[in-house]
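Participant: This structure is in structure tokens; I'll ask about it shortly.
Read-outs throughout are calculated quantities, based only on the coordinates presented, and are distinct from any laboratory measurement. No experiment lies behind these values; they were computed from the predicted model shown. Methodologically, a virtual Cβ is constructed for each residue, glycine included, from the backbone with ideal geometry; neighbour enumeration extends over all protein chains shown.
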Amino acid sequence: MAHLAIKGGSKAVNRPLGKAWPIYGDLEKRYLDEVLNSGKWWRGGYSEAESSQSKVVRFEQEFAAYQDARFGIAVTNGTQALECALKALGIKAGDEVIVPAVTFVASATAIILVNAIPIIVDIDPATYQISPAAIEAAITPRTVGIMPVHYAGYPCDMDAINAIAKKHGLFVLEDCAHAHGTIYQGKKLGARGDMGSFSLQMGKTLTCGEGGILLTDNEEFAKKAFSFHHIGRMPGRPFYEFHMVASNLRMTEWQAAVALAQFSRFDEQANARDANARRFEDGLRGIPGVAPIERVPGLERWVFYFYHWRFLKDEWPEGVTRDRFMEALGAEGVPCHLGHLHPIYQNPLFLERNFGPVVWPQGIEPPDYSKIQCPQCERIFREEGVSMSHSIFLGGPEDMDAMLDAVCKVREHADELIG
Ligand SMILES: Cc1ncc(COP(=O)(O)O)c(C=O)c1O
């Protein structure tokens, strides 16, 4: 008789794990009501003197302080946050910016949307984050910046990246879409380079449905980003005076109301995820054939969007693949998936060069993305990486134990997965 659920045996976990996402309560309703009754549904409804009453301004200030940054500029979403930051950092048509192969495609498309060229490089297999050696090898005379993505909330090697940037005179724009609240070397992320960009889209660990925010310690970049998100206005200047060609990327007071309410629960949720993940990691270390991604020294709190861990193919009976393992674990009641471990350059937009109305200067062309090879990223996508949603880690330790029991069960009866 089969033991594994995928073969008709009984399921290891018969209840939902973690918590349904998003989580909300009366505070969201109260803040939304306050916005409704204020009659000021956008930040421009408040004069500069009244600006502390704006929920957008309050969110900018509170989130920036929380992330150890001096300035925050709240925007419509994480993709436009990246575009806005690139403009504030002075990007020009045809400039090259280095990005990792493992990220959500928006990290790279934001670069194309400002007429610049993403140069896609491999990741470090120990951390799944952009490889400093690969960055260094990709620098050309046209490189102007590096976009480390703290993928799945795990910190990139910022000391190495900042050192490379300094040596070559490049900017560093951290894509922190997954990394709200992560504490690394005693500080949070987002102002470790020149600018940092966050997404507040609904799946993220801090959300208002759609939204984004930029952080920086640099006053000049903050002023430029403010202007680029506000049709070219400048703080302290007359309302109908415009200083650059810029779009409207303003966050609404509605979005900020929800973001602020969500933010009030953020730390508690972040601590719960981290404590649960540590318990899961300890358990994984004791099961043959699987392993956690070990935490780099200095990673004090990992607040992840996806939680990644490893399937070690060589430690399983021949014929048991990562995909089959994930299917079996899913059937046991432990949902896992691939996240976006898919190498971004394999998307049709790169392979078919569907770059839209982008204009690069004459004689400057992006690389032939169909020829890019990032062996680590491709191997991890093909046979190693396992990904889970952050919301699974919001329950109690008993959920972690149930997940580990399910992994053990699949391991013990791996022979049922052959053939
Ligand atoms: C790494 C990364 N960067 C940027 C973005 C874009 O954010 P948004 O969806 O808010 O535009 C995302 C969204 O998932 C992301 O995962």
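Participant: Exposure proxy check: Ile213, Ile6 ranked by fewest other beta carbons within 10 Å?
Facilitator: Going from least to most buried by this count: Ile6, Ile213.
Participant: Most exposed first by the Cβ proxy, i.e. fewest other Cβ within 10 Å, how do Asp122, Asp267, Asp274, Asp368 rank?
Facilitator: Asp368, Asp267, Asp274, Asp122
Participant: If you stretched the chain out fully between Asn354 and Arg237, how much longer would it get, using 0.36 nm times the residue separation minus the C-alpha to C-alpha distance?
Facilitator: 38.1 nm
Participant: Once you have a ≥ b ≥ c as the square roots of the Cα gyration tensor eigenvalues for the range 283-382, tell me rounded if a/c is under 1.5, and otherwise prolate or oblate according to whether a/b is larger than b/c.
Facilitator: Verdict is prolate for the range 283-382.
Participant: Every cysteine in the chain with no other Cys Cβ under 4.7 Å from its Cβ, please list them in numeric order.
Facilitator: Cys84, Cys156, Cys176, Cys208, Cys336, Cys408, each lacking another Cys Cβ under 4.7 Å.
Participant: Taking 8 Å as the Cα distance limit and 6 or more residues as the minimum spacing, I'd like the relative contact order of the range 173-238 as a percentage.
Facilitator: 24
Participant: Please state the relative contact order of the chain as a whole percent: Cα pairs under 8 Å, 6+ residues apart?
Facilitator: Answer for the chain is 22 percent.
Participant: Please work out the Cα center distance from the range 117-133 to the range 264-280, rounded to the nearest Å.
Facilitator: Cα centroid to Cα centroid, the span is 27 Å.
Participant: Net charge around Ile164, counting only other residues with Cβ within less than 11 Å of its Cβ (Lys, Arg = +1; Asp, Glu = -1)?
Facilitator: Taking every other residue near Ile164 into account, the sum is -1.
Participant: OK, next. Which FRET efficiency, nearest 0.05, do Glu412 and Glu365 yield, Cβ-Cβ r, R0 45 Å?
Facilitator: 0.25
Participant: Count charges around Leu404 for me, please; just the other residues with Cβ under 11 Å from its Cβ, Lys/Arg as +1, Asp/Glu as -1.
Facilitator: Around Leu404, the surrounding residues sum to -2.
Participant: Please report the orientation-averaged projected area of the chain, defined via the convex hull of its C-alpha atoms, in nm².
Facilitator: Spelled out: convex hull of the Cα atoms, projected over all directions, averaged, 21.7 nm².
Participant: Right, here's the next one. Select from the range 98-176 those trypsin sites (Lys or Arg not before Pro) which occupy a DSSP coil region and have at most 15 other Cβ atoms within 10 Å, ordered by residue number.
Facilitator: Here the sparse-neighbourhood loop sites are Arg142.
Participant: To continue, here is another question. Among DSSP bridges having both ends in the chain, what percentage is antiparallel? Round to the nearest 5.
Facilitator: That works out to approximately 65 percent antiparallel.
Participant: Ranking Phe59, Phe311 by Cβ neighbours within 10 Å, fewest first, what do you get?
Facilitator: Phe311, Phe59
Participant: Subtracting the Cα-Cα distance from 0.36 nm times the residue separation, let me have the gained length for Glu294 to Ala137 in nm, one decimal.
Facilitator: Fully extending the segment from Glu294 to Ala137 adds 54.0 nm.
Participant: Rounded, prolate or oblate: pick one for the range 26-263, where a ≥ b ≥ c are the square roots of the eigenvalues of its C-alpha gyration tensor, a/c under 1.5 means rounded, and failing that, prolate if a/b is larger than b/c, else oblate.
Facilitator: prolate
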